[in-house]
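A short worksheet on the structure shown next.
No lab work stands behind these numbers, since they all come straight from the coordinates. This one's a predicted model, so the numbers in the text were calculated from it and none came from an experiment. Cβ sites come from the backbone with ideal geometry, for glycine too, and all protein chains shown count toward neighbours.
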């Protein structure tokens, strides 16, 4: 099951309290205050794990609590600090405060760490409160409370190229043809129910990652279909590839629909460089291809057939070159 958004309740550990104690040893019956400091509580960290691809685990366990620090000891002994609590998540996870909507941070690369709940500091023992006029202090500090917050974890897949198209536009077929991914393919709408990633391998060790999301229908920006739920997964892509089947009733209208829905979801995403692939060319007899509409905003317009492997080489090479330019400029 692909889960890409969850809410979790996290609590960092409290700091241990300081201690009130006095030193009583041979030859030092009035050795003065010797209460030790409390240990630090455990903090809560979100860490990107390269072996994870979904947030499913957090639907079964929504509450996470770190251990508290130990209290101070009687002979200036500092209490044991608690270990930090680590929450492993897929790379590309965004963390926001579920109550305020405040952006907390994100982890993009395997090994990235983000502190999401600050641990409580340990309190000071009475050894720190002795003065020339108060040599037997009974005062100590309690440990500081650890931070408690509700967090929303949102996964946004990291890919180079995002595939966008209406249901049955040929996105999954294209992904399965040019990568080793094996998405579900069938002759009915909304075959794809969750995002899929695939790696395109080119010559000379060149490669890039493609993300396929469920089909977009009119009104997707308002929550119709599955498009709105998964459009966030192409927000990180450098390039968008719009797929329009050549047997569509109105090619220009189909292309305009996709552009309009993306713009209504995110104007910034609509500004992303994009190309257009006119798919399913194998369904049209040779020489009877309909007149393709103008796409002045697209950097490429290519007729392809994933089944017949027609036009794929030109499409992939064009995408890779544009990606190389984007990576160089970045």
Mind checking the full-extension length gain between residue 180 and residue 61? Use 0.36 nm per residue of separation minus the Cα-Cα distance, one decimal, nm. 39.5 nm
Expected 222 nm ellipticity per residue - DSSP helices of 4 or more, -39500 (n - 2.57), all of the chain, to 500: -4500 deg cm²/dmol
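Using r as the Cβ-Cβ distance of residue 5 and residue 272, and R0 as 30 Å, what FRET efficiency do you calculate, to the nearest 0.05?
Calculated transfer efficiency: 0.85.
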What does DSSP give for the chain in terms of the percent of beta bridges that are antiparallel, rounded to the nearest 5? 55
FRET efficiency, residue 205 to residue 325 (Cβ-Cβ, R0 22 Å, nearest 0.05): 0.75
Sequence ranges 6-14, 294-302, 158-166, ranked by mean other-Cβ count within 10 angstrom, highest first: 158-166, 6-14, 294-302
When the Kirkwood radius is taken over all Cα pairs of the stretch 1-79, what Stokes-Einstein diffusion coefficient follows at 10 °C and 1.306 mPa s, in µm²/s? 102
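First obtain the Kirkwood hydrodynamic radius of the chain from its Cα pairs, then insert it into the Stokes-Einstein equation at 20 °C and 1.002 mPa s, and state the resulting D in µm² per second as a whole number. Don't skip to the end; give the middle numbers.
Details: Rh = 23.4 Å.
The estimated diffusion coefficient comes to 92 µm²/s.
How much length would be gained if the chain were fully extended between residue 136 and residue 23, taking 0.36 nm per residue of separation minus their Cα-Cα distance, in nm to one decimal? It would help to have the intermediate numbers written out before the result.
Values: separation 113, 0.36 × 113 = 40.68 nm, distance 1.05 nm.
That works out to 39.6 nm of additional length.
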Could you give the radius of gyration (one decimal) and Dmax (whole number) of the Cα atoms in the stretch 103-175, in Å? 26.5, 84
Running Debye on the stretch 1-155 with equal point scatterers at the Cα sites and no solvent, what base-10 log of I(q)/I(0) appears at q = 0.09 Å⁻¹? -0.41
So if R0 is 35 Å, what FRET efficiency would residue 54 and residue 260 give, r being the distance between their Cβ atoms, rounded to the nearest 0.05? 0.70
If you fit an axis through the alpha-carbon atoms of helix 251-265 and take the longest principal axis of the Cα set of the chain, what angle between them do you get, 0 to 90°, nearest 10? 10
